[in-house]
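Comments concern the structure below.
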Amino acid sequence: MPRWPSPPLRALASQIPVNDNTICAGLSRVHWAGRLQLVTRPAGQQILLDGAHNVGGAEILVAAVKGILSRGATHPGAGYPAR
């Protein structure tokens with residue numbers, strides 16, 4: 001079984017009439033503006049936006065930035081495409 005992103009989604013698995021791989025594939029394509037969103041300004045500066053507003057969101061933000069930096073990026077936006 002694929003790794004579900006959260007316990008609430010695991011709880012819904014029996015209620016959703018599609019297989020686990022399809023659900024995970026769909027969730028991997030979701031884009032929420034302001035959630036790990038890289039914005040490139042007209043002068044070329046890049047800003048990583050994130051609307052983390054609770055402990056869980058902040059923990060995910062920290063993990064994402066650490067992951068990007070551990071891959072050798074010089075700034076957090078280096079691993080994300082500009083939108």
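Compute the FRET efficiency between Ile16 and Gln45 as 1/(1 + (r/R0)^6), taking r as their Cβ-Cβ distance and R0 = 41 Å, and round to the nearest 0.05.
In this case the efficiency is close to 0.50.
Can you give the relative contact order of the stretch 11-54 as a percent, counting alpha carbon pairs under 8 Å and 6+ residues apart?
Values: 25 pairs, mean separation 11.3, N = 44.
Worked out over the stretch 11-54, it gives 26 percent.
Which of the peptides 39-48, 59-68 is most tightly packed, and how do the rest follow, judged by the mean count of other Cβ atoms within 10 Å per residue? Mind showing how you got there, number by number?
Numbers: 39-48: 10.6, 59-68: 14.2.
By packing density, highest mean first, the sequence is 59-68, 39-48.
Taken together, the values in this text are just the output of simple stated rules run on the coordinates, not laboratory data. Predicted, not measured: the structure shown is a model, and the values here were computed from it. Counting neighbours? That spans all protein chains shown, and the Cβs are built from the backbone with ideal geometry, glycine included.
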